[in-house]
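What follows is a single structure, written as C-alpha cells, with notes after it.
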C-alpha cells in the first residue's frame, strides 16, 4: 500500500469512528473528536474543528505530522483538542487512536472531580481498575498552553499512579470530560461508550447502596484477563 | 432581496428551528416556540399557538410588528408567549432569535428555583458563568400581564446582576422553564439544547460530589473565549 | 352516521390511541390500554387483552355495553382492566376516554404512594393542582373484585378531596400506576404523557432543592385557565 | 420434524431473541447472550462469543450437548457464559431458555448487592416476590471455574431461599448482572426487559419515598396469579 493509500484508509477509519460518536449518543452538536496516529508514516489524522457530523466527509479529515503541524494544502483546521492528542501519542507508545467527548455521564464524573471506582464486572471487562480523574489544571497551565497541558496532566496522572495506558484506556479530566484510547479509532470510541455506561452505573450504585465497595481484586482480574492478554478466552 | 422575500426566508428559518425542537428532544406535544426578529424590517416571525409540529408548515409562521401586532391577513394566532419575546427583543438589542421550551432538565432547575452553577467546560463553552433563575412573579404581575412581566423579570434579572445577554444566552424563569436566544433561530435552539444538557449534568454532579464547586474563573475564561469573541480559535 | 359507522370510527380512534402509547414511550410489551365510551350508543370500545401493539388491528378492538359485557360475536377478550374503565365512565360523566399505562415515572410515584405536587407550570398547563394518589386497596377489596375496586378507590379519592375529574384528568393508584382520561382517546393518552413527564420533573426537583414548594395558586390559575375554560387564549 | 429441522428452528429462535436484546436497549456492543435447551434432543443452542449483533446470522448460533461440548464441525466458539447456562439447565428443569445481559438498571442493583424489593404491580405481574441477589463468589470459586460457580451460586440462592425458578424467573449476580429465564428464548428476553424496568422504578421509588415498603402479599398474589397459573385471566 502506498503512503497515499494508507492515509486515505486512515481518513476513512477516523471519519467512520467520528460518525459513530453521535450514533452511540456520545456527542451532541459538534462536541467530540477522534484521531488516529501512524508513527512509521509520521502522521496523525483528526476530525476538523467545529464541523457538523451530518455534513462531514472522509476527505475533510485533517492530516498533520506527529507534532500536529498541518501537512496537506487546503486543509481544514484540525480539532482544537489536537495538541492533547499529540501529547498522548508521544507519551503512550502503544496507543493508536484517541477519542474525546462530552458524553453525559463521563462528564458528570469529571465535573465531580472523582476517580471512577470499579463497582462491577462491566467495568472490569474493559478497564483494569479505577479510572483516574486528573487534578485541576493551574491558572498558569491554562494560560500558557491549555490543550498541551491537558495532555500533560493526563500523562502525569498515569505516571504518578503507575498505571498502564493499555490496561486503563481512558481518563477523566477534572472539570472537563473524558479522553479514551485504543488500538483503532473504533476501539477508542467503544471505550468511550463503555466509560460513559459505567459512569452512569456507578453514580446510581451509590444511591442504591451508600456502603458499596469496589469489586474484589480476584474478580477484577478474572473479568479483565478473560477478555485481554494472552490468556483471554472471550470472542472468536 | 425584497421585503417579501426576506419575510419568506425568516418564515423558513423559524419553521426549521421549530422543527428542530422535537428532533432534539426538547419539546413534547406543542410545547415550545421559536421566533426571529428583523428590526430594520420591523417584523417578528413566530410559531403559531398550539399547532402540532408534524402538521406545521412554513407559511403558517405568524408575522407581527415589533410590538407583536399581527400584520398578515388570515394569519393564525401567534404563540401565547409572544409578548415575552417582544420584551426580550426590545431590551436585548443584539438578540435576533428567541426560543422557549419545557425541556425536561431545564424545567427541573427552573422549578427548583436555583441558578445553574458553572460546574464544567461544557457549560463554559456556551455560557459565560452562572445561568440565572429569575425571582417568582408576583400575584399582581401575573394578573396584569403575565407574558409581558415574564419578559420584564428576565430583563430585570440581567440588569440587576450586570449580565450581558450575548455572554449568557439563556435564563431560567422561576417555576416555569427556560428561554434562550442567539443570532439566528437555530442558534437559539442549540443554546436550548446545551442548557438542557448542562442542567442534567449539574443535577447529577451534586449527587456524585456534594462538595462540588464551580470551575475556576480562568478555566471559564479559557473555554468561553476559545469559542467566542475575537480571540476564538474553535471552528473553521 | 349509522351505529355501525359510529362504532367503526370509535374502533379506529381507540386503535390509533393505543398505538400512540408505545410511540410516546409510555408502554413496554403489552402493558397499557385505552378505551372510549359513547353513552348515547351505550357502548365502550377497548383494547383486547395481552395483544401486541405491533400486530394489533383496528377491528380487533373489543366492543362492550356500558357494564362491560361483550357485544360482538367472535370478539377477543377485552383488557383485564375493563371493569376499572366501566366504573370511571359511570362516575365521571364528562369523561369520554380512559388510558392506563405502567409508564416509568408515573409508576414510580404510584409505587412511592405520594400525591404529585404541582411544582411548575408544565403541571399547571394540564392539571389543576396536586394529582392524588389513592389509598392502598384492602385485602377484601382485592379478593372480591380487584379491578372494580380499583375504579371505586379512584372515584372515592376524587369525592373525598372534592376534585373535579375535568380539572384533574388523572390519578395515581397506590402501588400500581396511573389512569388518565380526556374527551377523546388521544387526549387521554396525551394526559398520560404529560403526567409521566411531570412525575419525572417533580422527582428530580426534590433532589435539586429539598425545600421546594408548590407554585402559588395565582400562577396555577393563570396557566391552567390560559389553556382551559371559557377564558382560554392558547391554541387556534 | 427431523432433528435437523428442530435444531434449525432453535437456531432461528435463539438468533431472533439475541437480536431483540439491542432492539430492547438491553445490550451495548456484544454484551449479552441468549440460549435455548432441548433436553429430549440433548442440545443447547447459544450465541457465539463476541460476535456483533448487526453482523450475526442464524446459522452462526452454536450447538452443544447438555454439558456444553460443541457438536457441529466448523462451529464458532460459544458465548463464554455457556457454563453458567449449562448449570442452570441442569438445576432448573422447567427452564427452556436463559438470557444474560449487562442492562443498565439491573446491573446497578447487582453491583449494589441488594435484593430487588417488590414495590409495585409491574414487578408482581412477572416476578412473584423479591428478586434475589446472590452472595459474592469467593476467590477460590472465581479461580477454579468462574462461569460454573456463577451458575452454582444462583442455584444455591434459589435453594436456600426456597424459591421456585418458574415464579421468580431471574436473579441478580453480585457485582456482575442479571440472568433471566423462561419457556422460550423471547420470554427469557422479555423477563430481562421487565427486570431492567422494575430495577429502574425501584431505585427511583426509594428517592421519592425513603420509607417505602413492599406491596402487601395479597396484592402480589392478585397480580401474579392474574397472569400466571391455572386461574390466570390476562391475555387471549
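Measuring r between the beta carbons of residue D:135 and residue D:210 and using R0 = 25 Å, the FRET efficiency lands at 0.40.
Residue exposure proxy: B:31, B:181, ordered by other Cβ atoms within 10 angstrom of their Cβ from fewest to most, comes out as B:31, B:181. FRET efficiency for the pair residue C:183 and residue B:8, taken as 1/(1 + (r/R0)^6) with r the Cβ-Cβ distance and R0 = 30 Å, rounds to 0.20.
Taking every DSSP beta bridge that has both ends in chain A, the antiparallel portion is near 95%.
Shown for B:159, B:230, B:11: other C-beta atoms within 10 Å of each C-beta, ranked fewest to most, produce the order B:230, B:159, B:11. Using the Cβ-Cβ distance between residue B:73 and residue A:91 with R0 set to 60 Å, the FRET efficiency works out to roughly 0.30. Mean per-residue shielding of peptide C:103-116 is 6, counting Cβ atoms of other chains within 10 Å of each Cβ. The length gained by stretching the chain between residue B:39 and residue B:166 to full extension, at 0.36 nm per residue less their Cα-Cα distance, is 44.0 nm. Using a 7 Å projection from Cα along Cα-to-Cβ, the label point at residue D:12 is separated from the same position in the remaining copies by 3.6, 3.6, 5.1 nm, smallest value first.
For the protein assembly as shown, taking Cα atoms only, Rg and Dmax work out to 29.2, 83 Å respectively.
Ordering B:138, B:99, D:134, A:84 by the number of other Cβ atoms within 10 Å of each residue's own Cβ, fewest first, gives B:138, D:134, A:84, B:99. Summary for residue D:55: label point 7 Å along Cα→Cβ; distances to the equivalent points in the other copies, ascending, 3.4, 3.4, 4.7 nm. Legend: mean number of C-beta atoms from other chains within 10 angstrom of residue C-beta atoms, peptide A:218-231, equals 3. Which shape class, rounded, prolate or oblate, goes with the range A:145-189 when its Cα gyration tensor gives a ≥ b ≥ c as root eigenvalues, a/c under 1.5 marks rounded, and past that a/b bigger than b/c marks prolate? Here the range A:145-189 falls in the oblate category.
Each label was represented as a point 7 Å from its Cα along the Cα-to-Cβ direction; for residue C:1 and residue D:143 these points are 7.6 nm apart.
For the range B:89-142 versus the range C:195-219, the inter-centroid distance based on Cα atoms is 17 Å.
On the rotation that sends chain B to chain A, the chain B Cβ lying closest to the axis gives residue and distance in whole Å as B:207, 5.
Look at the stretch B:190-201: the mean tally of other chain Cβ atoms within 10 Å of its residues' Cβ atoms is 3. Distances from residue B:42 to itself in the other copies, using label points 7 Å out along the Cα-Cβ axis, amount to 6.6, 6.6, 9.3 nm in increasing order.
Any read-out appearing in this document is the output of simple, stated calculations on the displayed coordinates, not a laboratory observation. On a predicted model such as this, the values are computed, not experimentally measured, just so you know. Backbone-built Cβ (ideal geometry, glycine too); neighbour counts: all protein chains shown.
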